[in-house]
Amino acid sequence: KMLGALLTGINRAFPFTDGELESFEDHLNTLFKVVHISPIATSIQSLMLLYQVMESRQEVSDRYYRALYAKLLDADLNHSKGQAMFLNVLFKSLKCDPSLTRVKAFMKRILQACSIHQPPFICGCLFLISELLKLKSSLWPFIREAEDDEENFKDVCLEDESDVLPQPEGENNAVSQDTKPQMVYLPKARNPLYCRAEHSCLWELVLLSQHYHPSVQAFAKALSEGEHVAYKGDPLTDFTTLKFLDKFVYKNPKQKKSDHGGSIMQVAMINLQQLMFSQFLSFSQHQNVQEQNFH
């Protein structure tokens, strides 16, 4: 707790420093160790400080992105109170990342991590991806299609096909075809630059579009259809269970149109003049209202 409080104070005071970064350079290795071995709240503060230091130097190292990439799968993030701060530093880091390949890897891991989180955090992640697509519109094809870097070779038609020697069929040809390298996505890779995410697509959106929470479904379907998520609130607070129950507690009561409900088994508001004995006897059997017979 003491270390987390110190890092919080340094993060708040860092923007007011004079730019002397020599003192921070000696402690970068220590900060990276804190990210990996400390509790989730302290790790988030360390990531925020690392980002501020590296952004001031106008270069964010690959080591920082590897640490941030690994922290996405931390199970303690599901019950942490620093989810907003984590999504904030995540969005800032991806916004300034010049490598689209790495951003694609982050997008896939973000959606994969949503499988262990609650709807508020999932909606926050989908909203983050939507805002990221506004800044980097070249990532839209990655949602449905994967890059195909394989070259297609075609045989040249020769005039005299009799001079062409027949290609022998044997084990050598089968081995050569099987040993052809396949560019497959590696979800367990430590470095997002080399996980081959560009050869896949965001198929995780299909699963999220069938989520039990209606807001998660709406956000995922909007991204799948090539549209931005239109939401002006805070998903981390608006979609919590407490916020959902508050809608019923502070709901304004409906205006009372009648003394009783609309069921035929309940007594409705009856005009006393219609119940006069002489008039009531003059009514035919089909003229009486059914609900007025229960008085």
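Taking 26 Å as the cut-off for C-alpha to C-alpha distance, list the pairs among Lys33/Lys92; Lys92/Lys243; Lys81/Lys243; Lys108/Lys221 that go past it. Numbers along the way, then the final one.
On the way: Lys33/Lys92 22 Å; Lys92/Lys243 28 Å; Lys81/Lys243 16 Å; Lys108/Lys221 16 Å.
Pairs exceeding 26 Å: Lys92/Lys243.
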Segment 1-147, dipole about Cα centre (Lys/Arg Cβ +1, Asp/Glu Cβ -1), debye to the nearest 20: 540 debye
Amide proton proximity set for Ser200, modelled H, under 5 Å, gap of 5+: Glu147
Ranking by accessible area, most exposed first, for Thr42, Thr101 with a 1.4 Å probe: Thr101, Thr42
GluC sites (Glu not before Pro) restricted to segment 101-148 and DSSP loop, no more than 11 other C-beta within 10 Å: Glu145
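The values are calculated or read from the model by the stated rules, or taken from the named source; none is laboratory data. From a predicted model like this one, the values you see are computed outputs, not experimental measurements. A quick note on method: Cβ atoms are made from the backbone with ideal geometry, for glycine too, and the neighbour counts reach across all protein chains shown. In case anyone asks, the SASA skips ligands and DNA or RNA and just uses the protein heavy atoms, side chains included. Shrake-Rupley method; radii C 1.70, N 1.55, O 1.52, S 1.80 Å.
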